[in-house]
Number of protein chains: 4
Amino acid sequence: MIRVAIIGASGYTGSESIRIILQHSDAELVYLTALPEECGAVEDVFPQFKGRCNLQIEPLDLGKLSGLADVALCCLPHKISMGFVPKLLDAGLKVVDFSADYRLKDIAVYEEFYKVKHTDTANLSRAVFGLPELFREQIKGADLIANPGCFPTGALLAIAPLLKEGLVETNSIIVNAVTGITGAGRNPSIKFHFPNMNENLFAYGIGTHRHMPEMEQIAGEIAGSAVKILFQPHAGPFDRGILSTIYCQPKGKVSAEQLIGLYNDFYAEEPFVQILHNAPSVKDVAGTNYCHIFATCVKGKVVIFSAIDNLVKGASGQAIQNMNIIFGLEETLGME
Amino acid sequence: MIRVAIIGASGYTGSESIRIILQHSDAELVYLTALPEECGAVEDVFPQFKGRCNLQIEPLDLGKLSGLADVALCCLPHKISMGFVPKLLDAGLKVVDFSADYRLKDIAVYEEFYKVKHTDTANLSRAVFGLPELFREQIKGADLIANPGCFPTGALLAIAPLLKEGLVETNSIIVNAVTGITGAGRNPSIKFHFPNMNENLFAYGIGTHRHMPEMEQIAGEIAGSAVKILFQPHAGPFDRGILSTIYCQPKGKVSAEQLIGLYNDFYAEEPFVQILHNAPSVKDVAGTNYCHIFATCVKGKVVIFSAIDNLVKGASGQAIQNMNIIFGLEETLGME
Amino acid sequence: MIRVAIIGASGYTGSESIRIILQHSDAELVYLTALPEECGAVEDVFPQFKGRCNLQIEPLDLGKLSGLADVALCCLPHKISMGFVPKLLDAGLKVVDFSADYRLKDIAVYEEFYKVKHTDTANLSRAVFGLPELFREQIKGADLIANPGCFPTGALLAIAPLLKEGLVETNSIIVNAVTGITGAGRNPSIKFHFPNMNENLFAYGIGTHRHMPEMEQIAGEIAGSAVKILFQPHAGPFDRGILSTIYCQPKGKVSAEQLIGLYNDFYAEEPFVQILHNAPSVKDVAGTNYCHIFATCVKGKVVIFSAIDNLVKGASGQAIQNMNIIFGLEETLGME
Amino acid sequence: MIRVAIIGASGYTGSESIRIILQHSDAELVYLTALPEECGAVEDVFPQFKGRCNLQIEPLDLGKLSGLADVALCCLPHKISMGFVPKLLDAGLKVVDFSADYRLKDIAVYEEFYKVKHTDTANLSRAVFGLPELFREQIKGADLIANPGCFPTGALLAIAPLLKEGLVETNSIIVNAVTGITGAGRNPSIKFHFPNMNENLFAYGIGTHRHMPEMEQIAGEIAGSAVKILFQPHAGPFDRGILSTIYCQPKGKVSAEQLIGLYNDFYAEEPFVQILHNAPSVKDVAGTNYCHIFATCVKGKVVIFSAIDNLVKGASGQAIQNMNIIFGLEETLGME
């Protein structure tokens, strides 16, 4: 039984991780932490778990943690996380970190987009980007996983086959995505106040979203050369899900049939990536760790659609998939 | 042209009042105020008015107000309002006050439910409860209107004919209501954060909602004797509207046909109250000043359903209906 | 491994049953049927199951069924079901029937509310009403379970302790409920077309809803004497969940504290019924088999709030809970 | 007083036209028609108009129409409309046609995309494309207006300044749009059944949407040469609004400041087009005839965002704006 600690358990990725571990046959929750003002019985913080989880969410006590847990799902925010991850590693735990702090290998890019000095470059270099479908082998032996961002997960799974095969131009990829509002986190704000967000839809992060360099870095690793991505996120009036619509310029001739064949082959062994023959819907993946992809040709462009649940495949589910890999468990446990 | 000032224009009742006055043929906006941190060009505070209203929302300057406006729609919160209303009256304006400060005639009840001393009892006694369908004559000559609460508006219009005719027991009325989330105001909060409120429904204010004594006071006036109301509000995942489902015990025999006749007669001359032959829907009244009512008999009880838009008939529309009455205008202007 | 057939698998209760059985450790899907025009690969009918379930939904072939499955979850509509249940029983299967055909013991009431002659009165008498919290012992030995309606489940769990203790008058219970729209089934209709239902809320089935006699029958069994219930359902703009707000007249003095004690005792051993200290939210039970209940006193009445997911505790989850009981499995399997 | 007939009044564009004409100071409804099975009192077909409109919706009687109305808003579906428009013109009415039947000047393209022979080519040649901001002069003298499609309206207003100035490549424009569900019309369907569409988002019409050739034709007229547009629509879980996110390749260097200047100049005199300094929101234009546009530069591309209400600026509002122009009225009447 893998013993799981969740650090920063009071947000949406925390509760989603609790939900999944509760139905995981080979893992159990042993320790949940949060800021003091967000602590309390799990059932008081998250009434949906009343009768399902009797733990307390407590302020983090590193002394207690050592020996108590095998792995930490670290759900702390960007910039905060890198202050705690080294201590979690020192306490002997495997760490799956949900923040961006260990994703960007180029410190200058990190510091430009996150406006803060990186304080744990030592661990940065050994962190593995936790997208199992692309980096499973590295994940197997890792102590520290940089769990991917939600938008990069959906977009990278969608374009990886094209980049790997060198089928599309790498200087003109457009990723147009719409996310549900759990992606904005659990803290209330004027933009996401119900009467403002309900019946609404808008673009944000124009030219500046932090998932853009993350996508470009990993896309570049896959392609073997620099990739330029115009990433434009939008917020839509639903809880869960990201639909990415991606436009690429093919290098040569390519047909819709070829694309379906390519994608089917590329993901043939992947339990969580499903290739469709028509447009995916975010509702079909909501609450699951699945990514649904459809690729086709329109007016001389390759257009790929991908749908994931931002809190599951885009966060907690993928983290637990990574955890399963690290500990040699069946990769789908907790998310069948 | 009636010159309208909106005091406290930065909330939802403020923007709804702006919207209605903009389409009012005989009234114009002349002055909009808010707390300093919420001021700015109308189009910056409310982008929906870009190109439609070129005013600034400014901090209130009482000196400027006098002579500039004929009427103030005072959209300030409870407890704050009574600090400003006397000054608005002194400046020579008619005042339609959206707060509860001038609704409860019994100061002890006010102080119990609002937990604050009433500081303007002088004006309290002359304030008129602004439900035109029941108090039109008093409104005509009034300087100060206590604009009704949203729940009381929907409930009182629904039960007034029964109380007036003495058809139901007055000690066992149950008002079960569901409101859209604009009713909670424009300030973000954890309960009404989109991912918490979306796909949700819950009761609140159990036994303690401040609209309960307001309903009871006016119901008592209509009935001519004390009325006891169990009022239970709920919040539902939509922007606008209140659906009230009201259960009463008839004193004697009453049929569904009698009820329809009674309601049709009672509201025959009312432009904004429409009697239906089946259940009303909140969507049919959204964005309008209408109240849709259906009354029938079920299992020995009288059951009445009423639907209003909480921001229009439950707030800004009713306020402007009151304004129209005070100034002798066609009562429906701005809300055809 | 319990082998499960789902008869009528192409609707919402069918897909919800598939979802639960897929995560059930001791049960497996072996046979799925539907009308010919709704058949096909599960992944084509329900894309959410692509990669998760490789079965076909086929037209029912009773010959194939015998020996293939241990239990049938019969998700057929009212009136249709009683034509198939006898055959499923004859084929040697245990049957959990989702329709109303075996719920109402009084054939005259059934025929009045369902406007059709009952054609399987033989099995009607041996069917057990599948509300485990109240009838677990009878369920254990049953071949045929009449799985309760969604509204009766939420309402009966909420009032059972009061009726059992004889604390409230049984001639004046009011059940005011709001359901999400999956409750209306998977067939499109004008009322539930997205732009009509979105941002809407309305009452329906006024005085005529078929769950009213079902509630009254079971409430009467619990109370030991006739119970009269005014049940008023409403439809709200969300997918899943029923919130019931129930008003009762206490026979004598009763306090909120007594009620909480009573409910905690009554459901102390029940995994799926949780007693709260404040109002339940439908979102907290969505996707789960839990019922959240809060009981209190307001203005001399007892008011009880209960929340369930109409598709889980109100249908498929409860059916599988019943299945678990029949086969001697851990009652919570598949729904932890 | 302009006398308005609405032909095909029983759908969403019909009810939206009714709503606008009801608040129009210089126009009045005189005749409403629909298929026989959709006729009845307006208040029965559209309860939101109870007490606001006492007309009947009747089967079309061309004999009655002549002399009764000055203008027909023809809300009939594609393919049906061209069977009626000649008769409406013969009856001496001006016609604003909401269908696509008079939009595509190239009959071959029409017949390819609509799979039917065009039966009124005579009137096709004199029909004017009713986008006032671009074709106001032609509209002034027209008898027959081809009211633009909703997606083309949002997209064309967004790219017109760029095309007119020749600033972008015309062979690689991508229009990614998300529409609310009123765009799908009033007939229920499985895709737009509330529990299927709620909390959902998906692409449709991939490579085949009929608004693609319409956009290309008008864009070509504006640019003075052929324009190729990859148009990809999506459906989102809200009632009203289209957000278009448009990606163009600039021919030379262009800055965000230049773009804002260009757009401000281009639309300086237009009441219904507002140029923003940040991303538009569909909610800000919902219920209005406004189009909000923001244009900027991201990663070497020009990206333009535009928001309209699909039923107002995308249909009924624009139709009435056209009507106002034809009859020499203030262009904004009915939509202030």
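The values are calculated or read from the model by the stated rules, or taken from the named source; none is laboratory data. Just so it is clear, the structure is predicted and the values come from calculations on it, not from any experiment. Please note: Cβ atoms are built from the backbone with ideal geometry, for glycine as well, and neighbour counts cover all protein chains shown. Quick note on the areas: whole protein, heavy atoms, side chains included, nothing else; ligands and nucleic acids left out. Shrake-Rupley method; radii C 1.70, N 1.55, O 1.52, S 1.80 Å.
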Go through the range A:107-130 and give me each residue that's open to solvent by 80 Å² or more (accessible area, probe 1.4 Å) and of a type outside the set (S, T, Y). A:E112, A:K115, A:K117, A:R126
Scanning the range C:164-180 for residues that are more than 9 Å from chain B (Cβ to nearest Cβ), over 12 Å from C:C248 (Cα atoms) and either assigned to a loop (DSSP other than H, G, I, E, B) or not basic (K, R) (or both) gives C:E165, C:A177, C:T179
Selection from the range B:204-214 of residues buried (at least 23 other Cβ atoms within 10 Å of the Cβ) and of a type outside the set (D, E, K, R) yields B:H211, B:M212
For the range D:266-305, give me the residue count where each residue is touching a residue at least 60 places away in the same chain (Cβ under 8 Å) and over 23 Å from the mean Cα position of the chain (by Cα). 1
Failed criterion for C:R240 (all others in (1) in contact (Cβ under 8 Å) with a residue 24 or more places away in the chain; (2) open to solvent by less than 10 Å² (accessible area, probe 1.4 Å) hold): (2)
For the range D:118-145, what are the residues that are under 19 Å from D:D70 (Cβ atoms) and not in a helix (DSSP H, G or I)? D:A127, D:V128, D:G130, D:G141, D:A142, D:D143, D:L144, D:I145
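Determine whether A:I173 is modelled with pLDDT of 95 or more, in contact with a Cys (Cβ under 9 Å, 6 or more places away or on another chain) and hydrophobic (A, V, I, L, M, F, W, C).
Considered against the rule, which asks whether it is modelled with pLDDT of 95 or more, in contact with a Cys (Cβ under 9 Å, 6 or more places away or on another chain) and hydrophobic (A, V, I, L, M, F, W, C), A:I173 comes out as yes.
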Residue check: is B:G314 open to solvent by less than 20 Å² (accessible area, probe 1.4 Å) and touching a His at 6+ places or on another chain (Cβ under 6 Å)? no
Any chance the range B:40-55 includes a residue that's closer than 26 Å to B:R103 by Cβ and either touching a Cys at 6+ places or on another chain (Cβ under 8 Å) or buried (at least 16 other Cβ atoms within 10 Å of the Cβ) (or both)? no
So which pairs qualify, if the first residue must be in the range C:1-18 and among the basic types (K, R), the second must be open to solvent by 10 Å² or more (accessible area, probe 1.4 Å) and not in a strand (DSSP E or B), the Cβ gap must be under 9 Å, and the two must be at least 6 apart or on different chains? C:R3/C:L68; C:R3/C:D70
Given the condition in contact (Cβ under 8 Å) with a residue 40 or more places away in the chain, within 22 Å of A:N176 (Cβ to Cβ) and hydrophobic (A, V, I, L, M, F, W, C), answer yes or no: does some residue in the range A:317-335 qualify? no
Only one of these is among the β-branched types (V, I, T), at pLDDT 95 or above and open to solvent by 10 Å² or more (accessible area, probe 1.4 Å): D:I275, D:I293, D:I308. Name it. D:I275
Top-ranked residue in the range D:14-49 [being under 21 Å from B:A307 (Cβ atoms) and among the charged types (D, E, K, R); ranked as farthest from the other protein chains (Cβ to nearest Cβ)]: D:E16
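Can you say whether D:S306 is more than 30 Å from D:G8 (Cα to Cα) and of a type outside the set (A, V, I, L, M, F, W, C), as far as the supplied structure shows?
Criteria not met by D:S306.
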Regarding the range B:167-189, can at least one residue be identified that is under 22 Å from B:V302 (Cβ atoms), in contact with a Phe, Trp or Tyr (Cβ under 6 Å, 6 or more places away or on another chain), open to solvent by less than 40 Å² (accessible area, probe 1.4 Å) and hydroxyl-bearing (S, T, Y)? no
Identify the single condition in (1) more than 17 Å from B:N176 (Cβ to Cβ); (2) open to solvent by less than 10 Å² (accessible area, probe 1.4 Å); (3) of a type outside the set (S, T, N, Q) that B:G261 does not satisfy, given that it satisfies every other one. (2)
So B:V298 fits all but one of (1) under 25 Å from D:D44 (Cα atoms); (2) open to solvent by 10 Å² or more (accessible area, probe 1.4 Å); what number is the exception? (2)
All but one of (1) under 23 Å from A:P280 (Cβ atoms); (2) surrounded by 21 or more Cβ atoms within 10 Å (Cβ to Cβ); (3) in contact with a Lys or Arg (Cβ under 8 Å, 6 or more places away or on another chain) hold for A:A160; state the number of the condition that does not hold. (3)
Which of the helices (runs of 4 or more DSSP H) found entirely inside the range B:1-113 contain at least 3 residues meeting this: of a type in the set (S, T, Y) and at negative phi? B:12-22
For the range C:131-157, enumerate the residues that are closer than 19 Å to C:L76 by Cβ and open to solvent by 20 Å² or more (accessible area, probe 1.4 Å). C:D143, C:C150
Looking at D:P161, D:P148, can you tell me which residue is away from every other protein chain (no Cβ under 14 Å), outside any helix (DSSP H, G or I) and farther than 25 Å from C:N187 by Cα? D:P148
